[in-house]
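J.: Quick one: this structure, given as structure tokens, is what I'll be asking you about.
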Amino acid sequence: ASGLDKMQRKYVHLSADIDTAFKVGSRHGKPVILVVDVESMIADGLKIYKSNNSVYLSDNIPAKYLRKHSG
């Protein structure tokens, strides 16, 4: 309801595609895949960074930029 917060981590970690998100999420049980409206986040001035290993990072993801993947 409030979005995604980095909690004890330095950043929220995001996958570039659904397949990768599913594989990573499956390591911790049955995954729930959320789609992030990155374009709107950037337009609103929020930062997203790309790490060397193709993981995307952000300080937090407010709920208004999230929707549950329907697949």
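The values are calculated or read from the model by the stated rules, or taken from the named source; none is laboratory data. Because the structure is a prediction, the values reported are computed rather than measured. Using ideal geometry, Cβ is built from the backbone for each residue, glycine included, and neighbour counts are taken over all protein chains shown. The protein model used for the area step is the full one, side chains on, heavy atoms only, and it has no ligands, DNA or RNA in it. Shrake-Rupley method; radii C 1.70, N 1.55, O 1.52, S 1.80 Å.
J.: Would you call Y11 in contact with an Asp or Glu (Cβ under 6 Å, 6 or more places away or on another chain), surrounded by 14 or more Cβ atoms within 10 Å (Cβ to Cβ) and touching a residue at least 12 places away in the same chain (Cβ under 8 Å)? If you could, list the steps in order and put the result at the bottom.
T.: On the way: in contact with an Asp or Glu (Cβ under 6 Å, 6 or more places away or on another chain): no; surrounded by 14 or more Cβ atoms within 10 Å (Cβ to Cβ): yes; touching a residue at least 12 places away in the same chain (Cβ under 8 Å): yes.
Against the criterion (in contact with an Asp or Glu (Cβ under 6 Å, 6 or more places away or on another chain), surrounded by 14 or more Cβ atoms within 10 Å (Cβ to Cβ) and touching a residue at least 12 places away in the same chain (Cβ under 8 Å)), Y11 does not qualify.
J.: Further, regarding this structure: What do you reckon, is A43 loosely packed, with under 14 Cβ neighbours inside 10 Å, within 11 Å of the chain's Cα centre (by Cα) and among the small types (G, A, S)? Let's see the steps before the verdict.
T.: Details: loosely packed, with under 14 Cβ neighbours inside 10 Å: yes; within 11 Å of the chain's Cα centre (by Cα): no; among the small types (G, A, S): yes.
Here the answer is no, as A43 does not meet what is asked.
J.: Would you point out the residue of region 25-38, among those that are open to solvent by 60 Å² or more (accessible area, probe 1.4 Å) and under 13 Å from the mean Cα position of the chain (by Cα), that is farthest from R67 (Cα to Cα)?
T.: As a first pass, look at region 25-38 and keep what is open to solvent by 60 Å² or more (accessible area, probe 1.4 Å): 27-28, 30, 32, 34, 37.
Pick out the ones that are also under 13 Å from the mean Cα position of the chain (by Cα) and you get 32, 34, 37.
On the way: V32: 11, L34: 6, D37: 8 Å.
Going through the qualifying residues, I end up with V32.
J.: Also, quick follow-up: Scan region 39-56 and give yes if some residue there is on the phi > 0 side of the Ramachandran plot and among the hydroxyl-bearing types (S, T, Y), otherwise no.
T.: Narrowing region 39-56 to residues on the phi > 0 side of the Ramachandran plot: 45, 54.
Now drop any that are not among the hydroxyl-bearing types (S, T, Y), which leaves 54.
Yes, region 39-56 has at least one match.
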